[in-house]
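No lab work stands behind these numbers, since they all come straight from the coordinates. In this text the structure is predicted, and so the values were computed from the model without any measurement. Note that we place each Cβ from the backbone using ideal geometry, even for glycine, and neighbour counts take in every protein chain shown.
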Amino acid sequence: MSAGVLSIKVDVDTDRGTRIGVPALLAVFQQLGISATFLFSLGPDNTGRAIRRVFRPGFFTKAARTNVVAMYGIRTLLNGVLLPGPHIGRRNEAVMRSTRAHGHEVGIHCYDHIRWQDGLATMEATEVAEELGKARHEFFRIFGEPAATAGAAGWQANAHSLEAYDSAGLRYASDARGTHPFLPRVGQKVFNTLQIPTTLPTLDELLGRRGYSELQILDLYLGKLRTGGLHVLTVHAEIEGMSKLPLFREFLARALALPVRIQRLCDIAEERLRTPQDIPVCDLTQGEVDGRSGTLAVQRCA
Ligand SMILES: [Zn+2]
């Protein structure tokens with residue numbers, strides 16, 4: 001069996017996560033000699049508007065399991081509600097540049113996380129293109145080069161967002177939950193931008209679920225890595241970079257003891273794009289994932 005590959009995608013959702021969680025992850029990755037992919041929220045932190053989600057069906061089970069306030073902090077939950085949302089890009093450009101200087105890949109998570117996560121499904125094509133455009137503009141201002149990748153907030157993607165990616169000429173994207181890299185099809189239309197989906201369940205989807213202690217979660221992850229193949233794990237700067245950093249560090253240390261290579265998503269993308277004719281086309285549809293409320297972009301193969 002060939003050695004497995006693990007790719008770590010760090011979604012950075014909030015101002016606090018960028019300021020505190022990202023440097024903490026950089027330190028751990030440096031100690032362990034790991035390179036990862038960091039996707040930044042580049043505009044206003046309106047996380048507090050997520051409070052609206054409390055009123056959605058399915059929210060309370062997740063809230064009870066993960067204790068949202070403890071993980072995000074009360075200040076973050078008020079951003080954009082009682083306090084004006086701080087502009088994450090303008091306040092944290094030094095941290096973002098230092099992430100790239102550490103050898104990690106950097107890309108776009110979103111401009112406004114709440115607007116994309118809660119609003120994409122009802123946005124017009126022009127609004128979606130505009131929202132991505134704002135993120136690309138801020139990315140260029142900070143890094144002095146165009147973003148080559150994006151991974152959508154809340155795994156929210158549809159024909160409008162895939163169209164916007166194609167127009168922006170992204171090298172690849174990581175929006176969906178699935179099993180292997182693919183070209184996304186919505187209805188009859190096949191889009192050009194390679195998708196590398198998140199393949200593993202996230203820590204916050206597993207925490208507190210019956211039968212999943214922290215050690216059992218590690219065993220589940222390590223067991224999957226032992227099967228070989230490509231595994232993409234999405235972590236959050238606000239969770240694995242903060243309260244769950246010791247657990248995440250333990251996971252990484254144990255993963256490094258396996259015959260597993262850890263690669264950035266861009267390295268996987270370049271490898272696949274060398275033989276574009278071999279990339280399968282799969283449907284990108286809206287589906288549910290255990291432990292997460294609402295629907296998100298899911299890969300479906302014939
Ligand atoms: Zn996010």
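The figures follow:
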quantity	calculated
For Val289, Val12, order by how many other beta-carbon atoms lie within 10 Å, fewest first	Val289, Val12
Most positive-pole-ward Cα, Pro184, Tyr165, Ala152, against dipole of the chain from beta carbon charges	Ala152
Anchor Lys134: aspartates and glutamates whose Cα lies under 15 Å away (excluding residues fewer than 8 positions away in-chain)	Asp45, Asp112, Glu145
Cysteines in the chain lacking a second Cys C-beta under 4.7 Å	Cys110, Cys266
Length gained when the stretch Leu215-Glu288 is fully extended (0.36 nm per residue, less Cα-Cα span)	23.7 nm
Extension gain (nm, one decimal) between Thr126 and Leu32, 0.36 nm per residue minus Cα-Cα	29.5 nm
Alpha-carbon centroids, segment 165-214 and segment 232-262: separation in whole Å	19 Å
In range of the label at Leu256: residues from segment 232-248 whose backbone nitrogen is under 17 Å from the point 7 Å along Cα→Cβ	241, 245-248
Candidate aspartates and glutamates for bridging to Lys224, where Cα separation is under 20 Å - those fewer than 8 sequence places away on the same chain excluded	Asp204, Glu205, Glu214, Glu240, Glu250, Asp290
Residue exposure sequence - Arg261, Arg292 - by fewest surrounding Cβ within 10 Å	Arg261, Arg292
Calculated diffusion of the chain, Stokes-Einstein form, Kirkwood radius summed over Cα pairs, 20 °C and 1.002 mPa s, µm²/s	111 µm²/s
